[in-house]
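Values quoted throughout were computed directly from the atomic coordinates according to the rules given, and no laboratory measurement underlies them. Since this is a predicted model, take the numbers as computed values, not measurements. Here the Cβ positions follow ideal geometry from the backbone for every residue, glycine too, while neighbour counts run over all protein chains shown.
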């Protein structure tokens, strides 16, 4: 019964916004495919079999990439795949053993890179990297088939999927927590991946504490983080077992941190993650990542997700305040909402340009900050109506803000504006008692069931009043945002970063143009 936009409402403005955003998103996707980053190179090593920690307790793939690149963007542009494959042939060893030797300083990949100047050596290395990539793709394809078969065997719960985040950071207690939540009736469990060493170092330089440290050799016991690759592999087994007891399929959602999207995509593909939270706009505007870095990482991760059949989750759009700081005037709600919508559309349409089908991209329905506005119910109604009109082939996600002071208000608004079409509802976990989680899940599910049952039962329901005005002004602000971005570049929205006497955008020194020639990995993902 939720009102929406009539087909004629702002039709010209919607078409203008979609065409403008699609043109820009396609250009961004093409540009991203011609570059590489430290995150992409780490993901390449994970793809061909490098996992875990080195002998000093440091992340192995990261250590190998750092040893090879050493801050040299020329080496970064050449990529690590071919030099690594060359060394594998030279030393007749496995990827894991070679990585350990490189991390220990026993092998210098720069010497192997020099051998690639010989055409025959280059061909041999390329052929070997192709074989390793083919084996990885076979594993990814097998997981995709396994997911399809399990969904056919088990009772896959129709959306809405009610989910929550795991709170326990270490694996063993997280297994018990996950089992209890599945038994409490949840359809989806969300796991946050720990910060990478790169992010920890970069944020640490800014004086921000990050929960990351290498494992010290000789420690009495090694604590496996819940969001590590080994932890996620184990959680997948736990979820399948607990879900089978319930006669249902439970989805695993993986949420990588900033600068780690490519690695997160590889892990999701290898460990049968079902959903992957990827949002380059959040990286730019919340964490402060360089736009080029965020978009290149996103483009690669999306290509991996497409091959794996993993569903992407893209947020409702960040809160953008840099233009207000420059003018000294706070923007009104429709202007801020329009900025969020425009940036969300760029991410969603980038995924479409890469080839992800709409049904495998879930989009955030309402920007988190809007729920704190005085007229939040009317504004949320307009936001959902806009997204239903702009993204007809996508599911909507309602995600409770993690710092929500009144979850009851959030639940009431969602119940009122949630459409009858398929949606995903994800709640942060604050309830320690599985019984409380079960009650919250039941309430959310009933809201979805009622919305679905009433959908289409009343004809002619369209937005009016404040909601209609918000939709109109939000569309205008979204178009203006794309125009501003096209004319003035990202800095007008992100704010200018200090590069002298302060800090630049995170990761801006870890992006390199790799040219038009696709390496074996890119050919496999094409």
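Taking the C-alpha atoms of the chain, how large are the radius of gyration and the largest Cα-Cα span, Dmax, in Å?
Cα-based Rg and Dmax for the chain come out at 23.4, 73 Å.
Sort 342-348, 317-323, 253-259, 332-338 for me by packing, meaning the mean count of neighbouring Cβ atoms within 10 Å per residue, highest on top. Don't skip to the end; give the middle numbers.
Values: 342-348: 26.6, 317-323: 20.3, 253-259: 24.6, 332-338: 22.0.
Descending mean neighbour count gives 342-348, 253-259, 332-338, 317-323.
Could you grab the Rg to Rh ratio for the range 146-287? Cα atoms only, Kirkwood for Rh. Before the final figure, lay out the partial values.
Working: Rg = 16.1 Å, Rh = 16.1 Å.
Ratio of gyration radius to Kirkwood radius: 1.00.
What Rg and what Dmax come out for the range 282-401 when only alpha-carbon atoms are used, in angstroms?
Here Rg and the maximum Cα pair distance are 14.8, 46 Å.
Can you give me the Rg/Rh ratio for the range 331-392, using Cα atoms for both radii and the Kirkwood formula for Rh?
Details: Rg = 12.5 Å, Rh = 12.4 Å.
On the Cα set of the range 331-392, Rg over Rh gives 1.01.
Could you please state, rounded to a whole Å, how far the C-alpha centre of the range 269-283 is from the C-alpha centre of the range 42-70?
Between the Cα centre of the range 269-283 and that of the range 42-70, the gap is 20 Å.
At residue 321 and residue 74, where each label point lies 7 Å from the Cα along Cα→Cβ, what is the point-to-point distance in nanometres?
Here the modelled spin labels are 4.4 nm apart.
Using only the alpha carbons of the range 362-479, determine the length spanned along each of the three principal axes and report them from longest to shortest in whole angstroms.
45, 32, 24
With 10 angstrom as the radius, rank 228, 340, 327 by how many other C-beta atoms surround their C-beta, starting from the fewest.
Values: 228 21, 340 29, 327 9.
Neighbour counts put them in this order, fewest first: 327, 228, 340.
Any chance you could run the full-extension gain for residue 167 through residue 492? It's 0.36 nm times the residue separation minus the Cα-Cα distance, nm to one decimal.
Here the segment from residue 167 to residue 492 would lengthen by 113.3 nm.
State, in angstrom, two size descriptors of the range 101-206 derived from its alpha carbons: Rg to one decimal place and Dmax to the nearest whole number.
Cα radius of gyration and Dmax of the range 101-206 are 22.1, 61 Å respectively.
From the helices alone, meaning DSSP H stretches of at least four residues, give me the mean residue ellipticity at 222 nm for the chain, per-run term -39500 (n - 2.57), in deg cm²/dmol to the nearest 500.
The helix contribution divided over the chain gives -17500 deg cm²/dmol.
Provide the percentage of antiparallel DSSP beta bridges, counting only those with both residues in the chain; round to the nearest 5.
Among the beta bridges of the chain, antiparallel pairing accounts for roughly 15 percent.
Mind pulling the angle between the C-alpha long axis of helix 407-417 and the longest principal axis of the chain? Nearest 10 degrees, somewhere in 0 to 90.
Here the helix axis deviates by roughly 70 degrees.
Taking only Cα atoms, what is the 0 to 90° angle, nearest 10, from helix 434-454's long axis to the longest principal axis of the chain?
Roughly 60 degrees, rounded to the nearest 10.
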